[in-house]
1. Check LEU166 against each of (1) crowded, with 22+ Cβ neighbours inside 10 Å; (2) more than 15 Å from ligand 2 (Cβ to nearest atom) and name the one condition it does not meet.
2. Are any residues in the stretch 207-230 surrounded by fewer than 19 Cβ atoms within 10 Å (Cβ to Cβ), in contact with a Pro (Cβ under 9 Å, 6 or more places away or on another chain) and more than 25 Å from TYR139 (Cα to Cα), and if so, which ones?
3. Restricting the stretch 134-145 to residues that are touching a residue at least 60 places away in the same chain (Cβ under 8 Å) and not in a helix (DSSP H, G or I), which is farthest from GLY31 (Cα to Cα)?
4. With the structure loaded, tell me whether LEU177 is aliphatic (A, V, I, L, M), within 11 Å of ligand 2 (Cβ to nearest atom) and surrounded by fewer than 22 Cβ atoms within 10 Å (Cβ to Cβ) or whether it fails that test.
5. How do the pairs read when you match residues in the stretch 39-66 that are free of Cβ contacts under 8 Å to residues at least 40 places away in the same chain and on the phi > 0 side of the Ramachandran plot with residues anywhere that are in a strand (DSSP E or B) and crowded, with 16+ Cβ neighbours inside 10 Å, using Cβ under 8 Å and keeping only pairs 6 or more apart or on different chains?
6. Taking MET239, is it within 16 Å of ligand 2 (Cβ to nearest atom) and under 22 Å from ASN125 (Cβ atoms)?
7. Give me a count of the residues in the stretch 146-183 that are more than 16 Å from ligand 1 (Cβ to nearest atom) and either within 18 Å of the chain's Cα centre (by Cα) or assigned to a strand (DSSP E or B) (or both).
8. Considering only residues that are within 12 Å of ligand 1 (Cβ to nearest atom) and either within 12 Å of the chain's Cα centre (by Cα) or β-branched (Val, Ile, Thr) (or both), which ones fall in the stretch 107-137?
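The values are calculated or read from the model by the stated rules, or taken from the named source; none is laboratory data. It should be emphasised that the depicted structure is a prediction, and the values quoted were computed from it without experimental measurement. Cβ placement follows ideal geometry from the backbone for every residue including glycine, while neighbour counts extend to all protein chains displayed.
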Amino acid sequence: MRKLFFTGLLASACLISPDAISAASMFDITGYIDGLYTAVNDQDPHENNKFEGKGEIDFNSVAMEGRVTGLLDLNYFVESNGNGNGPEEGNYFLDNFAHKDIQVEQAIARVNIFDGVGLDVGQFNSDLSWEGQDPVDLYQTTHGQLFNFYDQQTSLYGNDVIGAQLNTNLKKANIRLGVVNDIGNAKSAQSLMAMVKGEVFNGLQMEGSVITQRHQAGNIYDVNGQYTRGPFLIAAEFMKPEREVKYGWSSTVHYDFGESYGLSGRVDRLHYTTEADKHETTSYTLAGIWRPKENFDVFLEYRAYNDGNVNHSLTLEALAMFL
Ligand SMILES: [Ca+2]
Ligand SMILES: [Ca+2]
């Protein structure tokens, strides 16, 4: 995905004190600040002419022999004039956020069982859709309908789950097997999850996954892949839940024009099956990306969402990614 990694170690802190040296050398710190302006959102006129802000700081402990490693992601959200009622589709505020919120997105302890096999325990991103969770993972401003569907199934923020997973890295594949709290919060129930992803040949990555749950849409099966060649990327995803939605699919195309400009297009569709809701929803998203600085992206996105009526949205986003 588009994710950028930062490996700075707070070098300047080394000038402060020996305590600061040991604290600084224990963590890699990554983060971003994300400003979003919605000019138009036909689906929810409360969103028109509105600013939102979001930030994240991630502490990744440095692997040291004989120690368990950990990851802590902290998020900050603020809306200037939102109604705070959520959930709202098409932006980051998919859970019940009020005007502002600070929360733990991920808190994981990673135990290395032996080379290539680890056990993750805690709260973590399930990674169960092609699109990533954070704005730095996206090729446009908004998430697509498939990611949002997973988000709505999981009671936690985004695609987060709580539990444990075995995480095995083979030469060209990653296999995960997990037991987590039921993603829809069913009482005394667990969800089982399994995922295999890997490189089929140079440039082509494929992923298959399943997660179970007692209620809501039931078990969800997903297969997705992406092919990259130089500045060009094409991706496709197919999702098959047990209930509520018959199936959903999505495709994204992205092209980088040199180092400073990019263009992305996405089409996605959900086919609902519930008696009260037998229809299809389709969205078309077009985004231009300008990168004036190495760690600063500006997105301009137009999205048309058709659920029988066509709703338009226009958003502008500034995303700074830094230490
Ligand atoms: Ca995150
Ligand atoms: Ca969720």
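1. (1)
2. First pass over the stretch 207-230, keeping only residues surrounded by fewer than 19 Cβ atoms within 10 Å (Cβ to Cβ): 208, 210, 212, 214-215, 218-219, 221, 223, 225-230.
Filter again for in contact with a Pro (Cβ under 9 Å, 6 or more places away or on another chain), leaving 218-219, 221.
If the condition is that a residue be surrounded by fewer than 19 Cβ atoms within 10 Å (Cβ to Cβ), in contact with a Pro (Cβ under 9 Å, 6 or more places away or on another chain) and more than 25 Å from TYR139 (Cα to Cα), then GLY218, ASN219 are the ones that fit.
3. Kept after step one, since they are touching a residue at least 60 places away in the same chain (Cβ under 8 Å), are these residues of the stretch 134-145: 134-142, 144-145.
Subset that is not in a helix (DSSP H, G or I): 134, 138-142, 144.
Values: ASP134: 10, LEU138: 15, TYR139: 18, GLN140: 18, THR141: 17, THR142: 19, GLY144: 23 Å.
That would be GLY144.
4. Values: aliphatic (A, V, I, L, M): yes; within 11 Å of ligand 2 (Cβ to nearest atom): no; surrounded by fewer than 22 Cβ atoms within 10 Å (Cβ to Cβ): yes.
No, not satisfied.
5. So the pair list comes out as ASN49/THR38.
6. Numbers: within 16 Å of ligand 2 (Cβ to nearest atom): yes; under 22 Å from ASN125 (Cβ atoms): yes.
Judged against the criteria, MET239 is a match.
7. Pass one, the stretch 146-183, residues more than 16 Å from ligand 1 (Cβ to nearest atom): 146, 148-149, 152-153, 155, 163-183.
The next check asks that each one be either within 18 Å of the chain's Cα centre (by Cα) or assigned to a strand (DSSP E or B) (or both); those that pass are 146, 148-149, 152-153, 155, 163-169, 173-181, 183.
The number of residues fulfilling the criteria is 23.
8. Filtering the stretch 107-137 for residues within 12 Å of ligand 1 (Cβ to nearest atom) gives 107-108, 123-125, 127, 132-137.
Matches in the stretch 107-137: ILE108, PHE124, ASN125, ASP127, GLY132, GLN133, ASP134, PRO135, VAL136, ASP137.
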